[in-house]
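This report refers to the structure that appears directly beneath it.
The values are calculated or read from the model by the stated rules, or taken from the named source; none is laboratory data. This is a predicted model, so every value here is computed, not measured. Here Cβ is always computed from backbone atoms with ideal geometry, including for glycine, and neighbour counts include all displayed protein chains. Heavy atoms of the whole protein, side chains included, go into the accessibility calculation; ligands, DNA and RNA do not. Shrake-Rupley method; radii C 1.70, N 1.55, O 1.52, S 1.80 Å.
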Amino acid sequence: MKKRIFLLFCTFVFLFGCSQKESQKEQDIYIQQEGTVADEEMPMQDGQAKVTFFDVGKGDAILIETSGHQVMIDAGYDDTADAILGYLKEQSIDKLDYLVITHFDKDHVGGADRIIKEVETENVLQPDYESESGQYKEYVEAMIDEGIKPDVVTQTMKLSLDGIEFLIYPPQKKDYKEEDNDFSLVISMTCGDILHGGKRVLFAGDCEKERLKELLIQKEFDLSHDVLKVPHHGRKGKNSKEFLMAVSPKVAVITSSDEKPADDEICMMLNKLGTDVYFTNEGTVTLVIRDF
């Protein structure tokens, strides 16, 4: 019964998100979801950014496209790499300017070795720690084979591509109780001038309570964002409520699976904030920010 109630609640939240399309258009944020919203061609132009949150189960694989560059954040599982590579081929994308691995859990780094081997990857960014997992070792071997030396992000890093500013905020400690997850790199993406209608997207990896606390007290950037990739696939933890309130997103994307859906408490928190929520287990989510 509890599972049924949860599924009905999440269906309500999803439908609520779809019901807000007009308000999103007014904000120059357009969203479509595979299997639920009619697909349409979205040719990239100056002043646009396209963000694709792939349906790779309970894992992250996110592609950011601008008029002249491509950035990928995480690479899903080893067995979901074909779906990502297939999309890149369909879109005639044969080069990534940046591949950012937020942390080394298998649902974030698993497909990285395939992508590095099959797509020209100019720069790789990663956090400052190592893993003993087989997927991590395959990722390291692929970089060695391709002659890529990753940039280990230990200080706040900024990038500028086609009018979009990226701020990469690294973990502030060498050790965390929640190993791997709290080592997540956090990426803030700003499209245009915030004072003149620009939009901001926050990619929060798998941050848990210690890392969320760091984000709540840091002074590097404003936590308020228009769009949030919800941390840790919608798992609730200490500091989750304070974090979501600080971000106060208009749109949230949760990378979840049918077997491991988001916690209903997180859905309720976002609903109370008036956030439109999308779940990748309902299909790949595509977000386009225009006119910045």
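Quick rundown of the values:
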| quantity | calculated |
| --- | --- |
| Filter pass, residue 220 being more than 19 Å from residue 160 (Cα to Cα) and not basic (Lys, Arg) | no |
| Flag for residue 235 being basic (Lys, Arg) and within 20 Å of residue 157 (Cβ to Cβ) | no |
| Pairs where the first residue, in segment 247-259, is free of Cβ contacts under 8 Å to residues at least 24 places away in the same chain and the second is open to solvent by 10 Å² or more (accessible area, probe 1.4 Å), C-beta under 8 Å, 6+ apart | 258/281 |
| Residue match in segment 133-150 (condition: in contact (Cβ under 8 Å) with a residue 12 or more places away in the chain, assigned to a strand (DSSP E or B) and not β-branched (Val, Ile, Thr)) | no |
| Qualifying positions in segment 65-113 - among the acidic types (Asp, Glu) and within 15 Å of the chain's Cα centre (by Cα) | 65, 74, 105, 107 |
| Any chance residue 184 is modelled with pLDDT of 95 or more and open to solvent by less than 10 Å² (accessible area, probe 1.4 Å) | yes |
| Strands (runs of 3 or more DSSP E) completely within segment 15-86 that count 1 or more residues being at pLDDT 95 or above | 48-53, 62-65, 70-73 |
| Entirely in segment 196-292, the strands (runs of 3 or more DSSP E) that have 2 or more residues that are open to solvent by less than 10 Å² (accessible area, probe 1.4 Å), under 19 Å from residue 168 (Cβ atoms) and of a type outside the set (Lys, Arg) | 199-203, 227-229 |
| Residue that is in contact (Cβ under 8 Å) with a residue 40 or more places away in the chain, in contact with a Pro (Cβ under 9 Å, 6 or more places away or on another chain) and among the acidic types (Asp, Glu), where the choices are 226, 162 | 226 |
| Any hit, segment 103-119, residues being modelled with pLDDT of 95 or more, touching a strand residue (DSSP E or B) at 6+ places or on another chain (Cβ under 9 Å), among the charged types (D, E, K, R) and more than 20 Å from residue 169 (Cβ to Cβ) | no |
